[in-house]
1. Mind listing the long-range amide H neighbours of C:Gln47? Cut-off is under 5 Å, sequence gap 5 or more, other chains count too, H placed in the peptide plane at 1.01 Å from N.
2. Between B:Ala21 and the same site in the other copies, what are the distances in nm, shortest first, taking label points 7 Å from Cα along the C-beta direction?
3. Per DSSP helix of 4 or more residues, -39500 (n - 2.57); summed, then divided by the residues of chain C. What does that give at 222 nm, rounded to the nearest 500?
4. Given the C-alpha centroids of segment C:41-57 and segment D:60-78, what is the distance between them in whole angstrom?
5. Read phi for every residue in segment C:35-46 and hand back ³J(HN,Hα) as whole Hz from Karplus 6.51 cos²θ - 1.76 cosθ + 1.60, θ = phi - 60°, with x for Gly and Pro.
6. Taking the dipole about the Cα centre of segment C:1-57, with the C-beta of Lys and Arg at +1 and of Asp and Glu at -1, give me whichever of C:Gly34, C:Ile50, C:Gln2 is farthest to the positive side.
7. Let a ≥ b ≥ c be the square roots of the eigenvalues of the Cα gyration tensor of segment A:1-71; is it rounded (a/c under 1.5), or, if not, prolate (a/b larger than b/c) or oblate?
8. Mind sorting A:Met47, B:Met1 by how few other Cβ atoms lie within 10 Å of their own Cβ, fewest first?
Amino acid sequence: MVKLVFLGKLRGLAREDAEVALPADVGTLAELKDWIARRDPDLGSAMAATQVQYVVNQCVVRDFSLPIAQNDEIAFLPPMSGG
Amino acid sequence: MVKLVFLGKLRGLAREDAEVALPADVGTLAELKDWIARRDPDLGSAMAATQVQYVVNQCVVRDFSLPIAQNDEIAFLPPMSGG
Amino acid sequence: MQVRLTSQPFDPQREEAAFVAGRAQMGALVSFVGLCRDNNEGVAVRQLHIDHYAGFTEKEIARLAQDVAARFACPDILVVHRVGDIAPGEAIVLVAALSHHRANAFDAVRVLMDYLKTDAPLWKKETGAKGAQWIEPRAEDRARRAEAEGKSP
Amino acid sequence: MQVRLTSQPFDPQREEAAFVAGRAQMGALVSFVGLCRDNNEGVAVRQLHIDHYAGFTEKEIARLAQDVAARFACPDILVVHRVGDIAPGEAIVLVAALSHHRANAFDAVRVLMDYLKTDAPLWKKETGAKGAQWIEPRAEDRARRAEAEGKSP
């Protein structure tokens, strides 16, 4: 199980933040991104249309080949609008 | 009669702020300055030792030949230390 | 350094008073308060919503504040930021700094605000007469941020 | 624009709250508070005394504030300044500005403080362990004032 967190305008498009069980063939961030787009095309196109930052266990991640581990919290951050 | 006002460190050296009657030969700011120095040498040397700004009836005056009029309020401002 | 997010309205002047209490010997207090306007470029705003990423947002703001504190030798910094639903007239953000030198306090508050405007993990949604809209960072804020980056203490 | 001198202690945060009340639509509030320290470069200060020239001082400070308000398109400026005897821990001066743009409010408060430090008709006397001493403007403040003169909005 991993926890997915969608922020800002992605939050409204996503299903409830939840623990999800990933299929066996989803092992990296890149694969996760594709899986989300297949499962949820609206969310997928919104993510494709903007610059999304990936935060895994509260750390910004730029390498999409990073393997996903059990209990990871993976967040999707659209451009920040600031305070 | 004119009113003399001494500010900051000059205030402590001067007699009480007061209406004073000037002698007939004190008709300009330059003459007033000399008259003060004669009457009150400590105040005179304090004024000579620092940069004093002259304010007549609430307006800064740079021309020492300005004639003094009855009921003028003449203030002596040492360098300001600011807020 | 204190960083706090709150989903409840807060009184910026009360926060400031508490921040400075007992530390008047610092000499200089600079503060910035951002207030929720009732309009954005003429269009009425009924409500502002600020989304945040619990845990991460606090950590990132603290990192920005630490950065600024070190750069301007100004460790006494307070940040209070609203999240959630905000009504017009309410305070959105307070940034305050205490310093022996007013220049450092001014720089710290100003540059930290520049950072918060572009780098804080916050997402704004405005609800007005025309419905709800997510706000993207303004080019103006990005430019100011780039400038702040180059500003020396 | 409001300029006030007071010989009584004042609460800067209360003044700020009254200043901003009903004007949150401005969006940005910047404030500076100068506090009476209990020491000056390590020497204990028991009391500060600020002499002023009644009437003239208010007029001059208002002129400086007007100058800054025009220069930074920031008409909503508040200045409250203590005169007379001031104890350590008390507020000496509050300068606050409200604006639609935070950059203008920051510039207005900062530059007005620079002006007040050099051009306000005020004379400070510190009373400490070594007796009383009148303070002259610092070279640092004069330099900053000269720099502020050249700063464009």
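Every read-out reported here was derived from the displayed coordinates using simple, explicitly stated rules and does not represent laboratory data. The structure displayed is predicted, hence computed values, not measured ones. We place every Cβ from the backbone using ideal geometry, glycine too, and count neighbours over all the protein chains shown.
1. C:Thr127
2. 11.1
3. Theoretical 222 nm ellipticity from helices: -11500 deg cm²/dmol.
4. One Cα centre to the other: 32 Å.
5. For segment C:35-46, the Karplus curve yields 10, 6, 6, 8, 7, 10, 6, x, 8, 4, 10, 8 Hz.
6. C:Gln2
7. Verdict is rounded for segment A:1-71.
8. B:Met1, A:Met47
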